[in-house]
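For reference, the structure is listed below as structure tokens.
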Amino acid sequence: MTAVAPTPSPVAHAVPLAPRKWRTPVLLAIVAVLGLVAFGLFGRDEPVRFVWSNASDAVVLPALDSTSRLVGIVMGLIATIAAAASFWYAANRRKVPVWLILIVGLAFLVGLVAWVGSGSNVPVVFLLTGAIALSTPIVLGGLAGVLGERVGVVNIAIEAQLLAGAFVAAFVASSTGNYLVALVAAMVAGSLVSVILAVFAIRYLVDQVVVGVVLIVLVSAITNFLYSAVLSQNSAELNNPGTLPRIAIPFLADIPVLGPVIFNQRITTYLMFLLVPLVWFFLFRTKWGLRIRALGEHPQAADTVGINVNRWRFWTVTLSGLIAGLGGAALTIGAVGPFVREMSAGQGFIALAAVILGRWNPWGMAAAALLFGFSSNFRVWAGQAGSALPPDLIEMTPYVVTIIAVAVVAGRVIGPKAAGKPYIKE
């Protein structure tokens with residue numbers, strides 16, 4: 001008599017369900033309710049006008065008139081609905097989509113802007129244009145951070161590279177009157193700082209964070225000394241570079257809102273627009289990018305297939321310094337012109353935060369940097385609009401946004417496993 005094999009229990013082979021994760025929905029709900037209550041229910045019952053274009057534009061869009069409280073209520077309800085939808089995703093053990101998070105964030109942001117601008121106009125084009133301009137050095141510094149950490153080197157020295165690039169760009173542009181030469185010189189200056197970082201971190205195995213901090217202090221001291229001893233003594237000839245001209249792309253610059261925001265920028269911003277997709281394509285769609293990512297995850301495995309780990313790390317970090325130096329030029333000749341002491345003002349560290357928030361992806365990093373750029377421009381506009389917010393609190397806005405954003409994602413993202421770890425060939 002043939003024995004019949006027992007039927008396997010469906011329980012024994014059941015696939016374990018993913019755990020429910022409530023952290024993101026709870027945070028979204030807090031933000032939504034806070035916006036609804038603060039800007040809506042207890043908001044200001046004063047008129048607010050959203051101005052979309054200037055009277056001199058080729059196409060003039062009509063302004064949108066409303067009240068601050070009404071905008072706050074509408075945006076609060078939209079954010080609340082999106083937050084409620086996120087609970088549905090969590091209850092079904094599904095990841096909360098990024099677009100829901102963006103809806104909540106944008107709704108809160110619009111409510112805040114309407115609250116600050118109550119009783120006056122909200123210049124939409126000014127806010128967006130300034131956000132892109134102020135985020136340009138952060139994006140370029142963030143690209144340097146992405147390349148460095150993807151190859152296994154933590155580039156804490158982004159702040160030093162931005163500062164060196166800013167100083168050299170202002171000095172060379174003032175001395176030669178040639179902006180192209182100034183841009184190249186700024187890139188070389190940022191690259192030299194990266195070379196020092198690479199030599200000590202890769203060749204002599206010095207702790208990468210320590211080297212980065214020392215370079216920041218060193219470059220700050222050198223630029224401060226040269227500013228006092230050289231630039232300030234003859235600022236008319238050595239620290240008066242002017243700014244790069246804005247380049248309006250024909251026809252595209254006449255598009256309402258998007259035209260002046262995207263297609264009427266300086267060359268440093270256009271280069272930023274080009275470098276973000278270029279670095280992404282290089283990292284994720286080429287053989288060289290695959291090697292770089294392998295060096296940041298498992299350098300020993302890369303070594304076994306014949307890749308010279310430390311050589312690739314050295315030249316990748318050097319290349320990243322070129323991009324960060326360009327970001328430094330965006331601080332001076334790409335924005336305000338003259339160099340001033342400590343003008344990077346912590347933007348290198350904000351770029352590192354953008355790298356983490358963007359999950360070491362150029363696109364995500366650029367989106368996070370744009371958030372920080374908007375917060376910086378919001379600080380400028382809120383001060384000009386006579387906001388009821390205390391001036392000190394307005395000045396803290398970019399850094400508060402950085403702390404909150406990093407705290408929200410802390411522990412939820414995992415970077416390249418070999419980042420910060422020197423490689424010693426056995």
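Values quoted throughout were computed directly from the atomic coordinates according to the rules given, and no laboratory measurement underlies them. Note that this is a predicted model, so its numbers are computed, not measured. Every residue, glycine among them, receives a Cβ derived from its backbone with ideal geometry; neighbour counts consider all protein chains shown.
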- request: Return the whole-Å distance between the Cα centroid of segment 74-90 and the Cα centroid of segment 247-269.
  value: 34
- request: Note the listed values [x] 0.97; [y] 1.13; [z] 1.81, then indicate which one is Cα Rg over 2.2 N^0.38 Å calculated from this particular structure.
  value: [y]
task: Between residue 195 and residue 249, take the C-beta separation as r, use R0 = 45 Å, and let me know the FRET efficiency to the nearest 0.05.
output: 0.80
Fully extended contour minus Cα-Cα distance, from residue 213 to residue 281, at 0.36 nm per residue: 21.4 nm
message: How much length would be gained if the chain were fully extended between residue 21 and residue 361, taking 0.36 nm per residue of separation minus their Cα-Cα distance, in nm to one decimal?
response: 120.0 nm
- prompt: Could you give the nm distance between label points at residue 181 and residue 106, where each point is 7 Å from its Cα heading toward the beta carbon?
  reply: 4.6
query: Measuring from centroid to centroid over Cα atoms, what is the spacing of segment 310-381 and segment 106-139 in Å?
result: 20
message: Looking only at the chain, where both bridge partners belong to it, what percent of the DSSP beta bridges are antiparallel (to the nearest 5)?
response: 65
task: Give the range of the longest stretch in the chain that excludes all chymotrypsin sites (Phe, Trp or Tyr not before Pro) found in loop regions by DSSP and having at most 14 other beta-carbon atoms within 10 Å.
output: 252-426
message: Expected output is a single nm value to one decimal: the length gained when fully extending between residue 63 and residue 424, i.e. 0.36 nm times separation in residues minus the C-alpha distance. What is it?
response: 123.7 nm
message: From the mean inverse distance of alpha carbon pairs (Kirkwood) and the Cα radius of gyration, derive Rg over Rh for segment 280-345.
response: 1.19
query: Taking R0 as 56 Å, what's the FRET efficiency between residue 300 and residue 236 from their Cβ-Cβ distance, rounded to 0.05?
result: 0.50
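Suppose R0 equals 35 Å; then what is the FRET efficiency for residue 188 and residue 95 from their Cβ-Cβ distance, rounded to the nearest 0.05?
0.20
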field: Length-normalised contact order for segment 220-351 - Cα pairs under 8 Å, 6+ apart - percent
entry: 32
